[in-house]
Amino acid sequence: MPVSQTGFTSTYREEAPSLQQISQLIGYVILEFGAPWCGHCQTAEALMKTALSEHAELPYIKIYDGKGKKLGRSFKVKLWPTFILLHHGKEIKRLVRPTDSDDIKQLLAEITSY
């Protein structure tokens with residue numbers, strides 16, 4: 001199973017990569033934890049799609065989260081959507097329930113400042 005997918009996707013992965021696979025990722029990657037039926041996730045989807053249009057090369061992994069899902073618990077995800085920016089498999093910043101595009105732009109600004 002390939003771990004990363006470059007560019008925006010609107011589909012949540014049912015089968016999440018393992019924590020070990022995530023820790024071995026190279027470069028910057030965005031993880032999104034959420035659910036397709038979540039209203040907050042649906043609202044954030046359009047914001048993220050627009051923001052990522054300028055970062056098409058950035059791997060972006062949408063993970064279907066919920067009860068019993070180990071990866072979300074490993075990252076201590078409590079609310080959806082939660083976006084986690086990784087650099088070489090380590091969390092450098094997270095964004096929970098963004099409400100406007102500026103929130104996402106601040107997350108993506110970490111790519112150039114890190």
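Can you tell me which residue within the stretch 55-77, out of those that are part of a loop (DSSP other than H, G, I, E, B) and free of Cβ contacts under 8 Å to residues at least 12 places away in the same chain, is farthest from Ala16 (Cα to Cα)? Looking at the filtered set, the residue picked out is Lys76.
Just so you know, in the stretch 34-82 the residues that are over 11 Å from the mean Cα position of the chain (by Cα) and of a type in the set (Lys, Arg) include one that is surrounded by the fewest Cβ atoms within 10 Å (Cβ to Cβ), and it is Lys67. Pairing residues of the stretch 10-22 that are free of Cβ contacts under 8 Å to residues at least 60 places away in the same chain and within 12 Å of Lys69 (Cα to Cα) with residues that are of a type in the set (Ser, Thr, Tyr) and assigned to a strand (DSSP E or B), at Cβ distances under 6 Å and at least 6 apart in sequence or on separate chains, gives Glu14/Tyr64. Could we say that Thr11 is polar (S, T, N, Q) and in a loop (DSSP other than H, G, I, E, B) here? So Thr11 fits the description; yes. Does Ile26 meet the test of being farther than 16 Å from Ser10 by Cα and in contact with a Gly (Cβ under 9 Å, 6 or more places away or on another chain)? Against the criterion (farther than 16 Å from Ser10 by Cα and in contact with a Gly (Cβ under 9 Å, 6 or more places away or on another chain)), Ile26 qualifies. Are any of the residues in the stretch 4-15 in contact with a Leu (Cβ under 6 Å, 6 or more places away or on another chain), among the hydrophobic types (A, V, I, L, M, F, W, C) and at pLDDT below 95? Checking the stretch 4-15: at least one residue is in contact with a Leu (Cβ under 6 Å, 6 or more places away or on another chain), among the hydrophobic types (A, V, I, L, M, F, W, C) and at pLDDT below 95.
Pairs are defined by a Cβ separation below 7 Å, a sequence spacing of at least 6 or placement on different chains, a first member in the stretch 103-114 that is touching a residue at least 24 places away in the same chain (Cβ under 8 Å), and a second member that is hydroxyl-bearing (Ser, Thr, Tyr) and surrounded by 16 or more Cβ atoms within 10 Å (Cβ to Cβ); the pairs so defined are Ile111/Tyr28. Does the stretch 94-107 contain any residue that is closer than 13 Å to Ile30 by Cβ, of a type in the set (Val, Ile, Thr), out of contact with any Asp or Glu (no Cβ under 8 Å at 6 or more places or on another chain) and crowded, with 16+ Cβ neighbours inside 10 Å? So far as the stretch 94-107 goes, yes, one or more of its residues are closer than 13 Å to Ile30 by Cβ, of a type in the set (Val, Ile, Thr), out of contact with any Asp or Glu (no Cβ under 8 Å at 6 or more places or on another chain) and crowded, with 16+ Cβ neighbours inside 10 Å.
The values are calculated or read from the model by the stated rules, or taken from the named source; none is laboratory data. Here the structure is a predicted model, which means the values were calculated and not measured. Using ideal geometry, Cβ is built from the backbone for each residue, glycine included, and neighbour counts are taken over all protein chains shown.
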